[in-house]
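Please read the structure below before turning to the comments.
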Amino acid sequence: MTLDMLPEFLRTHYEVHEWKHACAILRNDFPVEWEDMIGVLTAFRLRRSDIIKPGGGKSPIAKSLDHAFYERGWVEKGFDTKVIVDAKEMLSPTHKVDCYKNQVALEIEWNNKDPFFDRDLNNFRLLFELRAISIGVIVTRCDRLQEVFDELGKGASYGSSTTHMSRLLPRIEGGGGGGCPILVFGITKKLYVER
């Protein structure tokens, strides 16, 4: 494992997992994107006000992470993919990646239904096989954040069938991402602030 390449702050404030030497690939082959990711995740704080804000559409938490990456030149990106065999063209649709820059795809899964993980991993697998991406990154939440949600009276909004670490790890360990190197960050209670 090459997780020790990450700054101590990220290793202590996030639950981090990697597959297929993702940290080494990202740091050595994509140093600008590596620094972007470190900067955004180091600056991020999980604010009480964002948790208790009423739902509807994308959460303020996901929006703030998206915005921080967009400010560094990342973009939401769709891919027009197809396979041609003996002149027969077959569409191979993918979904948009939340944040993309220079062959690095990053998805933010804060509070979606957990099948979104299957979609993300399948997308990473396909885009990696088509050489459109070199690495996939997912930012989600740790299971223990449920304690914070319960204390704030928002526990019902963050149910067990929504996106969080224990729903993601078995999917990756079961091969959901195929050969794509994957790096996962789980937001922990250490990032929570009362404002």
Quiz item: Only one residue in Arg125, Arg131 is loosely packed, with under 14 Cβ neighbours inside 10 Å and either in contact with a Cys (Cβ under 6 Å, 6 or more places away or on another chain) or closer than 17 Å to Ile25 by Cβ (or both). Which one?
Solution: Arg131
Self-check item: Among (1) on the phi > 0 side of the Ramachandran plot; (2) in contact with a strand residue (DSSP E or B) (Cβ under 9 Å, 6 or more places away or on another chain) - the single one Leu65 does not satisfy
Solution: (1)
Quiz item: Where residues in region 75-86 are free of Cβ contacts under 8 Å to residues at least 40 places away in the same chain and assigned to a loop (DSSP other than H, G, I, E, B), which of them is surrounded by the most Cβ atoms within 10 Å (Cβ to Cβ)?
Solution: Gly78
Quiz item: Just one of Ser49, Ser59 is farther than 22 Å from Ser166 by Cα and either in contact (Cβ under 8 Å) with a residue 60 or more places away in the chain or of a type outside the set (Phe, Trp, Tyr) (or both); which is it?
Solution: Ser49
Practice problem: Kindly indicate which of Ser59, Ser49 is within 15 Å of the chain's Cα centre (by Cα) and small (Gly, Ala, Ser). | Solution: Ser59
Exercise. Mind telling me which of the residues Lys154, Lys190 ends up being within 19 Å of Leu3 (Cβ to Cβ) and of a type in the set (D, E, K, R)?
Key: Lys190
Quiz item: So Arg141 fits all but one of (1) modelled with pLDDT of 90 or more; (2) basic (Lys, Arg); (3) surrounded by fewer than 21 Cβ atoms within 10 Å (Cβ to Cβ); what number is the exception?
Solution: (3)
Self-check item: Total residues in region 2-36, condition touching a strand residue (DSSP E or B) at 6+ places or on another chain (Cβ under 8 Å) and either among the charged types (D, E, K, R) or at positive phi (or both)
Solution: 5
Quiz prompt | Test for Val104: is it buried (at least 24 other Cβ atoms within 10 Å of the Cβ), in contact with a strand residue (DSSP E or B) (Cβ under 8 Å, 6 or more places away or on another chain) and under 20 Å from His164 (Cβ atoms) | solution = no
Quiz item: Counting residues that are under 21 Å from His67 (Cβ atoms), touching a residue at least 24 places away in the same chain (Cβ under 8 Å) and among the aromatic types (Phe, Trp, Tyr), which strands (runs of 3 or more DSSP E) fully inside region 87-195 reach at least 1?
Solution: 97-101, 182-187
Exercise. Inspect region 2-12 for any residue being among the acidic types (Asp, Glu) and touching a residue at least 60 places away in the same chain (Cβ under 8 Å) and give the result as yes or no.
Key: no
Quiz item: For the subset of region 158-176 comprising residues that are within 13 Å of the chain's Cα centre (by Cα) and closer than 13 Å to Trp19 by Cβ, which member is surrounded by the fewest Cβ atoms within 10 Å (Cβ to Cβ)?
Solution: Leu169
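The values are calculated or read from the model by the stated rules, or taken from the named source; none is laboratory data. Predicted model only: the values in this text are computed from it and were never measured. Backbone-built Cβ (ideal geometry, glycine too); neighbour counts: all protein chains shown.
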